[in-house]
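*Asks:* Got a structure for you, written out below as structure tokens; questions coming shortly.
Each reported figure results from applying straightforward, stated rules to the coordinates on display, with no laboratory input. The structure presented is a predicted model; accordingly, all values stated were derived computationally and were not measured. Here the Cβ is made from the backbone with ideal geometry for all residues, glycine too, and neighbour counts use every protein chain on show.
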Amino acid sequence: MKFLGKIIIFIFLLLFSIGIYLSFIGLETKRFNDLIVKNINNINPKINSKINKVKIHLDLTSLSVKVKTKKPRIEFDGKQILLEEVRTSIPIIHFIKNNFLFNNIYILTKENSIKNTLELIREFENNPKIFLLNKLIKRGNIVIEANLNFNDSGNIIQDYVFNGKIKDGEIKLLNNQSLKNINFKFNVQHNKYKLKDIKLNINNLKLFSNNINVENKKSNFYVSGDFKNEEDEIKVSSLKNIFKNSILSNIKDVKLISDNNFSFYLNNKFKIKNLSIKSEIELINLSYISEQFKKNQVFENEDGRIDFVKHKIKVSYENEKILFNGKGGVSVNKITDNVNYNFISAKKVLTFNMEADIENLPIKINFLDYQKPKNQKATFKINGTHQTGNQTRIKNIILNHNDNYFKLDDLYLNKNFLIKKIKSLDLKFKNANDHTNYFLLKKNKKNYTISSTSFDATNLIERILTSDSSESSFDKIFENFNSRIDFKIEKLNVDESSFLKKFDGYMIFKNNDIYSFIVKSKFENNKIFNFTIKTDENNQKITTLFTGNAVPLVNKYKFIKGFSDGSLDFYSVKKDKKSLSTLKIYDFKLKELPALTKLLTLASLQGIADLLSGEGISFNEFEMKFSNEGTLMTIEEIYAIGPAISILMSGYVESKKLISLKGTLVPATTLNKVIGSIPLLGNILVGRKTGEGVFGVSFKIKGPPKNLKTTVNPIKTLTPRFITRTLEKVKKKN
């Protein structure tokens, strides 16, 4: 019995020692190699496994045998997947019965190509999603750690876990955009996918994410997570490839920080629905440059640049509705003021509202001659709606500055931002001439009325008279204006010293063009002012203007100085963008006309030049016949006759480019010698010594407006045309 006991103890110790050895040290063998290769080949004959020695361990706690192999590899279609370790466990009872049914399997891969890994997965499950994903992925590596458990039938239980990481991935999306430098860790469980520590680059825009979770819910995937970017300068060229919008071409510099959370559902056709995004953006700087800003009528902006600085912005997108709220600085010419704004976009309708405290920036409305100086506070508000591809409705625009206010209600713009209609425009402001203006425009059905107790049109008239545009400005402002405007202005300032009283009349517009314009008024000295535009049956536009006070209108032309007295009569016929006009001015004086003074001096007619610098030279009549087409004015004839001199000229003026005039200037003493029918005008002329014996001078004036060159040639014989015109004037006067 003692011997039997020793035998039992020995066997027990032997088995215990073997168990300890197998548990902690294990046993290397190649017995399982062929078995593992055979099982894999049974799954897919295309796959070939290369396995080194297999090491087995005994696990007494689970009564199973653990099988482990190092650095195996899988080969298929000329590709290979390198593995770091594969291990599994087999119940001892199955092991003893030589029935190698796995309980679980653990796989740790080395770093392999993502594309090769997807190709291997396709060998087991070839579906369109994996095929499409493999097409989108251009490069990158993957490491996978997999834990799989099996049931008694050898099928995988749905408690599997995949962990791993992606390194240096690149995906080309369906819209030809690229995601580069993709790096993240992942955890995959049944119907749940978690990504963390994500870094990627989309068109040089670096993005980061802490977590992105994907959950399989029936036929959809629910995706949620976050992404952000750190403070960095964003290249606008990268945004242009993402957002196909022409407005981006005007953006030059962008620097921002953003923190975003999102969620959406993705169906099996990769279509997104129920997208939700919440963002907080810190806009460090954004510069917007446009030629339109150089031409604006509000801020002086020579470089056309506006900077948006230090903006705090919150954006929310949900149920196809965008909420956008922000505040920050707007800088023009390095002068900054603050603005608050919010936008709501839903169902192709954008609702906007903006408020600004404008203190540092100066404001100019040039055509009204209004200016808000620096360091005076003004408030600005605008709100309205915009329909995508359709019209914009601006409900209100309000600008308040001290006792000045500008208020516009219900302005409708078409998709090209041309005015369709306006409900009212109410203005009260003090302009640069220290004149307080009142102006009210109101819509009455399809027509409009303008009323004012006092309005200073000094600058507005000057801009109209000196405008180079041959086209109606209404074409650039209105969509298709067809209305009548009745106006009643009690006092209309024409210049600093003259005004019209009871400036009443009406205008009729057809297709953005003035069809008729009738106004009758009087200056403060009761001199008449009548102005008409009428369109006849041949679609000719006939314009007439007569005023007994020519001074306020003539003085608008800065190159004429010292003009006094005189009445003005203007007649013009326009058709097909070409006009033929006649301008007459009667009984006036000129004290200073630089070009004429130079002529007189060069022609040695110093006596007349002296008159110009004294009380001025009188003229009985000035007549100009000319035509306009585009920016070209062709002067058929300018003829001026007076007691001291007479002038005959012709030529052309190409706006802002070239002036070319030629003509004849004759002192009245010479005319007396040549044409006896002209009464003797006395010794106010050149005198017996200065210019005696000279019938006149022939001259030419040519060159750019700011660099005119004048040449003079004294003549002994007057041209027949000059004599004919003089006789016509004398005969008419008599």
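*Asks:* How charged is the neighbourhood of T392? Take every other residue with its Cβ under 13 Å from the Cβ of T392, and add Lys/Arg as +1 and Asp/Glu as -1.
*Replies:* Charge balance in the 13 Å sphere: +4.
*Asks:* Check which residues have an amide H placed less than 5 Å from Q540's amide H, if you skip close sequence neighbours.
*Replies:* Here the answer is none, since no amide H 5 or more places off falls under 5 Å of that of Q540.
*Asks:* Once phi is turned into θ = phi - 60°, what whole-Hz ³J(HN,Hα) does the Karplus curve with 6.51, -1.76 and 1.60 give for every residue of segment 155-162, x standing for Gly and Pro?
*Replies:* Those phi angles translate into 8, 6, 7, 7, 9, 5, 9, 10 Hz.
*Asks:* Quick query: amide H of G505 versus all other amide H atoms, modeled in the peptide plane; which residues come in under 5 Å with a sequence gap of 5 or more or a different chain?
*Replies:* So G505 has HN proximity to F487.
*Asks:* For the residue pair K314 and N274, what label-to-label distance in nm results when each label sits 7 Å from Cα along the Cα-to-beta-carbon direction?
*Replies:* If labels sit at K314 and N274, their model points lie 2.4 nm apart.
*Asks:* Taking loop as defined by DSSP and a crowding limit of 14 other beta carbons within 10 Å, which chymotrypsin sites (Phe, Trp or Tyr not before Pro) in segment 136-203 fit?
*Replies:* none
*Asks:* What is the local net charge at N433, summed over the other residues whose Cβ is closer than 14 Å to its Cβ (Lys, Arg +1; Asp, Glu -1)?
*Replies:* Around N433, the charge tally is -4.
*Asks:* Pairs K488/K520; K395/K442; K172/K194; K574/K702: which are spaced more than 20 Å apart, C-alpha to C-alpha?
*Replies:* Violating the 20 Å limit, Cα to Cα: K172/K194; K574/K702.
*Asks:* Continuing with this model, one more query. Report, in listed order, any pair from K46/K165; K252/K314; K510/K662; K428/K577 with a Cα-Cα distance greater than 29 Å. Working shown, then result.
*Replies:* Working: K46/K165 27 Å; K252/K314 22 Å; K510/K662 41 Å; K428/K577 36 Å.
Table pairs above 29 Å Cα-Cα are K510/K662; K428/K577.
*Asks:* Further question: Listed here are the pairs K575/K656; K420/K501; K228/K327; which of them are more than 28 Å apart at the Cα? Walk me through the intermediate numbers first.
*Replies:* Values: K575/K656 24 Å; K420/K501 32 Å; K228/K327 20 Å.
Listed pairs above 28 Å: K420/K501.
*Asks:* Using 0.36 nm times the number of residues separating R122 and N482, minus their current alpha carbon distance, what extension gain do you get?
*Replies:* Using 0.36 nm per residue and subtracting the Cα-Cα distance, I get 122.7 nm.
*Asks:* Hey, another quick one. Please give the FRET efficiency for E636 paired with K657, using the beta carbon to beta carbon distance and R0 = 25 Å, rounded to the nearest 0.05.
*Replies:* Working: r = 20 Å, r/R0 = 0.80.
Approximately 0.80, to the nearest 0.05.
*Asks:* Moving on to the next point. Hey, got a sec? Which chymotrypsin sites (Phe, Trp or Tyr not before Pro) in segment 298-384 land in a DSSP loop and have at most 16 other Cβ atoms within 10 Å?
*Replies:* Values: sites: F299, F308, Y317, F324, Y341, F343, F352, F367, Y370, F380; in loops: F299.
Listed in order of number, the matching sites are F299.
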